[in-house]
1. Out of all the residues in the stretch D:30-67, which are among the hydrophobic types (A, V, I, L, M, F, W, C) and touching a strand residue (DSSP E or B) at 6+ places or on another chain (Cβ under 6 Å)?
2. Are any residues in the stretch B:49-59 more than 7 Å from chain A (Cβ to nearest Cβ), buried (at least 17 other Cβ atoms within 10 Å of the Cβ) and part of a loop (DSSP other than H, G, I, E, B), and if so, which ones?
3. Got at least one residue in the stretch D:193-201 being part of a loop (DSSP other than H, G, I, E, B) and at pLDDT 95 or above?
4. Out of all the residues in the stretch C:188-203, which are more than 9 Å from chain D (Cβ to nearest Cβ), closer than 28 Å to D:ARG6 by Cα and polar (S, T, N, Q)?
5. So which of D:GLU236, D:GLU166 is of a type in the set (D, E, K, R), more than 30 Å from C:THR248 (Cβ to Cβ) and either part of a strand (DSSP E or B) or assigned by TED's automatic domain parsing to the domain that holds D:GLY89 (or both)?
6. Exactly one condition in (1) in contact with a Ser or Thr (Cβ under 8 Å, 6 or more places away or on another chain); (2) surrounded by fewer than 24 Cβ atoms within 10 Å (Cβ to Cβ) is false for B:VAL221; which is it?
7. Which one of B:SER184, B:SER161, B:SER207 is among the small types (Gly, Ala, Ser), buried (at least 21 other Cβ atoms within 10 Å of the Cβ), more than 30 Å from D:LEU238 (Cα to Cα) and free of Cβ contacts under 8 Å to residues at least 60 places away in the same chain?
8. If only one of D:LEU117, D:LEU95, D:LEU65, D:LEU155 is more than 7 Å from chain C (Cβ to nearest Cβ) and crowded, with 24+ Cβ neighbours inside 10 Å, which one is it?
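The values are calculated or read from the model by the stated rules, or taken from the named source; none is laboratory data. Everything quoted here is computed from the prediction, not taken from an experiment. Neighbour counts are summed over all protein chains in view; Cβ atoms, including those assigned to glycine, are modelled from backbone coordinates with ideal geometry.
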Protein chains: 4
Amino acid sequence: MTSSSRAQAGDLAQLLGPRGNRMTVLLRPGLRVETMHGMIPHEQIIGKEWGREVTTHLGKTFTLLQPALDDLLRDIERNTQVIYPKDIGYILLSLGVGPGSQVLEAGTGSGALTVALAHAVGPIGHVFSYERRPEIQEIARGNLERFGFADRVTLKVRDISAGFDENGLRAIFLDLPNPEDYLSQVRAALQPGGFFGSILPTANQVSLLLAALKQNGFGFVEVSEILHRYYKPIAERLRPVDTMTAHTGFLIFARRLVENHLET
Amino acid sequence: MTSSSRAQAGDLAQLLGPRGNRMTVLLRPGLRVETMHGMIPHEQIIGKEWGREVTTHLGKTFTLLQPALDDLLRDIERNTQVIYPKDIGYILLSLGVGPGSQVLEAGTGSGALTVALAHAVGPIGHVFSYERRPEIQEIARGNLERFGFADRVTLKVRDISAGFDENGLRAIFLDLPNPEDYLSQVRAALQPGGFFGSILPTANQVSLLLAALKQNGFGFVEVSEILHRYYKPIAERLRPVDTMTAHTGFLIFARRLVENHLET
Amino acid sequence: MTSSSRAQAGDLAQLLGPRGNRMTVLLRPGLRVETMHGMIPHEQIIGKEWGREVTTHLGKTFTLLQPALDDLLRDIERNTQVIYPKDIGYILLSLGVGPGSQVLEAGTGSGALTVALAHAVGPIGHVFSYERRPEIQEIARGNLERFGFADRVTLKVRDISAGFDENGLRAIFLDLPNPEDYLSQVRAALQPGGFFGSILPTANQVSLLLAALKQNGFGFVEVSEILHRYYKPIAERLRPVDTMTAHTGFLIFARRLVENHLET
Amino acid sequence: MTSSSRAQAGDLAQLLGPRGNRMTVLLRPGLRVETMHGMIPHEQIIGKEWGREVTTHLGKTFTLLQPALDDLLRDIERNTQVIYPKDIGYILLSLGVGPGSQVLEAGTGSGALTVALAHAVGPIGHVFSYERRPEIQEIARGNLERFGFADRVTLKVRDISAGFDENGLRAIFLDLPNPEDYLSQVRAALQPGGFFGSILPTANQVSLLLAALKQNGFGFVEVSEILHRYYKPIAERLRPVDTMTAHTGFLIFARRLVENHLET
């Protein structure tokens, strides 16, 4: 097995602390982790076996783990409104995104989906991510750098009504309030049969998008929503938790068709 | 963009037909697709632009598309009881599986999760998949070959009570009715902090697994379930469909801890 | 206790048969129950203790039970598109309907909600039920008679754009595709603070109704939906069933306000 | 219409205030309502038309409405762990409870279900409610008196392992953590074919109850759960709210069968 059993400089490390606290850090000698329960120098973490405990200067213990993508996303999630893991997993499957894929998204936002896409396409794939607001895209850039994915992603500041630079793409995802306004631009950048996806909070937005998809030559349209319910993990008292997220967004997927009037 | 805009020999092609019929074929000159609405020689498909229509000898038209992983999984799903896309996306995220990952699963079953894992780890990752029943694993082998993933997966026929050949792994998933019986074997093969996952249909099984996880030094346990609700994609009459899948399984994730009594 | 422990002529009886078959009959000497598994004369049922078994002329056994309202509603449900028990229970609570209530509904449809309302208001309450299509209302009349509620309900054939005969009512429920067109009529018939309710299948209809409620002086608006998930009732393998009803309708409730410009 | 259009002494009145505050009061001359936004003498409310506004001595306005059962239940809900409206509506339907019914429950708790049962059985029905802890039953007594239902309910302080005083009942509901321990007592008090119901938070408890129901001659067992999802009631931005109650309890219903060995 290639992956090391010990934390090394340059690794992403996750610290799980008292009361389920979670934080993710990129290990670099000379730095230190600041927690609500005291401080830990990175040197004390580097070289430690994954799964073991580390102790703050106040004597509180944290467990040292390698983060999953799910953990990275939750880390982003804490700070901003983002796409949730329950939705991201299904988005990746539905867009056919995997190692080596080239995929485009707009807008970048705080970069939760960007991170997930960059993770999934791997070092030989690539992500093109458009965003109108430069200051927001800088947050995404920070997240991508922190997780080591900066070189897999081309970030562009652009109002996409001007269109995309890429074409012949296999998958495009719009995380914008008005995707219906950009379908001709999506169509121009997408290969025939290519995958389009979007996530929208309101039913009204979904209706607008559905009408526009029909008018712009998209087919095989699918609308769905994913509900994720956690349980209290207690063997002798198994039951769902008291409250859950009731809604994040409606997921819409479609595929670019070749217009009939172009067929000969 | 590297991916071709036209179907080529060796490509997986998806044909979407009348009434939403879907079928996936590996394009090879000399073969032909048999549908309920007539036959199409592969030669007639190869060279065709993705997104266009192809016609059977009975004059019925099918749309030619590149399949997403989601489509491949649905194709498997039709024939056997499998893990659903809604669950698979979340499993991949929660296990931290991505390009280059080494991951182990048992049992193989008909290979739906195996295909998804092989897709996600990419050409430089690897999947080890154990199954007790040789005849079942042959179905999985067929699916892996059909989708071009055979070389990314090592299939083993084995009762896993005898343990695994691998060790230091980062992620192991058990798709078996009694995962609680194999946690010491999982522990031996998993690196400290490594990810364990399972899916179980009944609450009673979840309780048994939760108790066993506690006894075997696993922590950060999470139990959840995912509900996926489709909508009728009609702009002016947006509403959920009439019926939905009410249950596939409870998802359980945990991480291998280092025992306290081993710490020095 | 006043209710008899034995089935009597005039009672509603429920027969639960092989494979969970259910049927409800009003016991009358001289009649006979026809089942897929043979016939039973009513005389053979009358005088029998509730909970016991009765046998068809083909030797198949059915269990004799007193039906709950839930059972009556399921009986109606089998034949037509109706409001479901999961929704009806909440509708009754939200409209404040109980013994002695006077309540109005339109349209009658096949009478599932009418039966539930008639049951809840009891012998001293009353239900006014409007329906545009006489042939449909006859189905409801049959159901009401079968369940012994005919004298608690006044059925009227009317296009309600002409308004209602009643006024000062405490609760009105519209089970129509376009309730937004009748809110001034509802307002005229409802006492200040009175309860309005409706059930609608599509999100688009809900949006139309919400806008109209605002314009017509209704407040305290609530929109919700109820999902009902059954489990397989097996102690050692407890789990949800495989499929469930994904959607029946969105429930909308509001209360008539007194306009500010009328306040003095 | 018999119900008055104006609030009268002895009526239950609901005051809906700024930010959706709700409170329910029994109107009695001489008393006054204390709110966070000031005080209102009951005299100022009595004689006022339902749906109008009343003003506190600090100048804040509240809307005067007649409460529905749903409102009364929410009022109880605020203070204690209770059965929710979404569940209560379905419980009433499934137990066949309506005007004139005689029904038994244990334990009383804070009286949310007791209030709902008392409302549903009306003035000619009756509720018998058992509770082991006298101090808890006093809370229920207060709620029943406040809502005017005291004379419809007989409250008894009793450990029900000693059995019930009543027999030949048509419906019994146990809201206790261990209903499986009292099924022989339930059986003795229930008429053949009578309805049994319970609500339990954990899957483990449901399994215990299911096994006991089988052993004690109950049949037609149903297990289910009800999810209630609210929407933001905004016409142009219709969407579910962000969070919802994920779980209140599993609902279990069954019917008392006559044992085969007693049949002759």
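1. Let us first name the residues in the stretch D:30-67 that are among the hydrophobic types (A, V, I, L, M, F, W, C), namely D:31, D:33, D:36, D:39-40, D:45-46, D:50, D:54, D:58, D:62, D:64-65.
Selection gives D:VAL33, D:MET39, D:ILE40, D:ILE45, D:TRP50, D:VAL54, D:LEU58, D:PHE62, D:LEU64, D:LEU65.
2. B:THR56
3. Of the residues in the stretch D:193-201, the ones part of a loop (DSSP other than H, G, I, E, B) are D:201.
With at pLDDT 95 or above added as a condition, the list becomes D:201.
Checked the stretch D:193-201: at least one residue is part of a loop (DSSP other than H, G, I, E, B) and at pLDDT 95 or above.
4. The answer is C:SER198, and nothing else.
5. Numbers: D:GLU236 fails: more than 30 Å from C:THR248 (Cβ to Cβ).
On inspection, the qualifying residue turns out to be D:GLU166.
6. (1)
7. On the way: B:SER184 fails: buried (at least 21 other Cβ atoms within 10 Å of the Cβ); B:SER161 fails: buried (at least 21 other Cβ atoms within 10 Å of the Cβ).
Result: B:SER207 is the single residue among B:SER184, B:SER161, B:SER207 that is among the small types (Gly, Ala, Ser), buried (at least 21 other Cβ atoms within 10 Å of the Cβ), more than 30 Å from D:LEU238 (Cα to Cα) and free of Cβ contacts under 8 Å to residues at least 60 places away in the same chain.
8. On the way: D:LEU95 fails: more than 7 Å from chain C (Cβ to nearest Cβ); D:LEU65 fails: more than 7 Å from chain C (Cβ to nearest Cβ); D:LEU155 fails: crowded, with 24+ Cβ neighbours inside 10 Å.
Step by step, each of D:LEU117, D:LEU95, D:LEU65, D:LEU155 is checked, and only D:LEU117 is more than 7 Å from chain C (Cβ to nearest Cβ) and crowded, with 24+ Cβ neighbours inside 10 Å.
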